1. For the stretch 111-163, give me the residue count where each residue is among the β-branched types (Val, Ile, Thr), more than 30 Å from ALA177 (Cβ to Cβ) and not in a loop (DSSP other than H, G, I, E, B).
2. Tell me, please, whether a residue that is under 30 Å from ASP210 (Cα atoms) and not polar (S, T, N, Q) can be found in the stretch 161-178.
3. Scanning for something assigned to a helix (DSSP H, G or I), of a type in the set (Phe, Trp, Tyr) and open to solvent by less than 90 Å² (accessible area, probe 1.4 Å), does the stretch 227-238 turn up at least one residue?
4. Would you be able to say whether some residue in the stretch 93-106 is polar (S, T, N, Q) and either more than 30 Å from TRP232 (Cβ to Cβ) or touching a Cys at 6+ places or on another chain (Cβ under 9 Å) (or both)?
5. Looking at the stretch 70-93, which of its residues are touching a residue at least 40 places away in the same chain (Cβ under 8 Å) and assigned to a loop (DSSP other than H, G, I, E, B)?
6. I'm trying to understand the selection: among the residues of the stretch 94-134, which are of a type in the set (Asp, Glu) and at positive phi?
7. Within the stretch 72-110, which residues are in contact with a Phe, Trp or Tyr (Cβ under 8 Å, 6 or more places away or on another chain) and either of a type in the set (Ser, Thr, Tyr) or open to solvent by 80 Å² or more (accessible area, probe 1.4 Å) (or both)?
Amino acid sequence: MRVWKQLAFGIGLIAIGTVAALRFVPGADAMLLNAGMPERLVAAVAPEKAATGKPGTGGQGGNPQRGGQATLVTTKSVETGVVNDKLEAIGDGEAITSVVVMPMVAGTLAKVEVQSGAKVEAGQVLARLDDASEQIAVNVAKLALSSAQEKVDRYKGLKATLTRVEIDEAQRALDEAKLTLETAELNLSRKIITAPIGGITGIVTVNPGDNVTTQTEVATIDDRSEVLVDFWVPERFASAITVGAPVDAAAISRPGEVHSGVVEAVDNRID
């Protein structure tokens with residue numbers, strides 16, 4: 001290929017590249033104008049860019065690839081906000097207080113005075129053990145106390161003829177009789193099984209005539225006036241759970257019922 005053909009071919013490539021740059025490259029018109037290319041030549045190739053005298057604006061300040069139409073943009077200051085402040089977790093609900101009632105002493109059940117699922121008050125009698133021997137011990141202690149009291153009263157009337165030692169021994173015997181009676185009454189009271197708290201009883205599995213020990217479960221009592229829900233949350237939410245924060249709980253067995261409460265405590269360990 002001759003030199004003049006090569007030169008013509010190179011000029012043609014430059015012209016094609018210039019036209020393509022003006023058509024598709026933003027800001028190319030400004031670069032060519034700054035490089036010394038005549039504005040008429042730039043306007044001839046890309047007239048919509050040179051129409052306003054502002055290269056690269058696309059006539060009306062828009063994108064030249066979109067036919068010179070301006071793009072309207074609405075801006076707003078950056079702000080912070082809450083995306084989602086609701087945390088859901090599955091927990092286990094239980095009565096605020098729950099106790100297993102057991103006899104304080106071993107014996108034979110004489111009477112069961114509570115039924116399964118009954119509502120009881122604190123101090124209510126649940127069952128009674130056979131207390132015949134304890135009742136006899138109380139009566140004997142009462143007689144001994146009465147005798148000791150009479151002896152002290154008699155000695156006080158004979159104070160002038162008795163020694164101080166005899167009077168002190170009579171008083172000591174009276175004090176011992178009082179303690180004996182208190183012990184007998186305590187043993188008798190332990191034959192009565194009472195409810196330590198108020199609430200709802202579970203299934204009562206004992207019957208009159210059963211021999212029970214201090215490990216026998218007579219009844220379970222749950223105080224359902226409040227419900228304690230133990231729930232776990234992912235570690236990344238641990239710092240967001242604080243004492244006093246509001247909590248809404250719903251039971252699967254009662255759809256539609258929502259109970260409101262607060263966080264009572266947060267464990268000191270993370271699993």
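The values are calculated or read from the model by the stated rules, or taken from the named source; none is laboratory data. Since the structure is predicted, the reported quantities are computational estimates derived from the model, not experimental observations. Note that we place each Cβ from the backbone using ideal geometry, even for glycine, and neighbour counts take in every protein chain shown. Protein only, heavy atoms only, side chains kept; ligands, DNA and RNA dropped before computing areas. Shrake-Rupley method; radii C 1.70, N 1.55, O 1.52, S 1.80 Å.
1. 2
2. Within the stretch 161-178 (the criterion being under 30 Å from ASP210 (Cα atoms) and not polar (S, T, N, Q)), the answer is no, since none of the residues qualifies.
3. Yes - at least one qualifying residue is present in the stretch 227-238.
4. no
5. LEU87, ALA89, ILE90
6. Once the filter is applied, which keeps residues that are of a type in the set (Asp, Glu) and at positive phi, the stretch 94-134 yields nothing.
7. Hits for the stretch 72-110 are ILE90, ASP92.
Rundown of residues vs (1) modelled with pLDDT of 90 or more; (2) of a type in the set (A, V, I, L, M); (3) in contact with a strand residue (DSSP E or B) (Cβ under 7 Å, 6 or more places away or on another chain), yes/no style:
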| position | (1), (2), (3) |
| --- | --- |
| ILE192 | yes, yes, yes |
| GLY202 | yes, no, yes |
| VAL212 | yes, yes, yes |
| GLU217 | yes, no, yes |
| GLU226 | no, no, yes |
| PHE237 | no, no, no |
| ILE241 | no, yes, no |
| SER253 | no, no, no |
| VAL258 | yes, yes, yes |
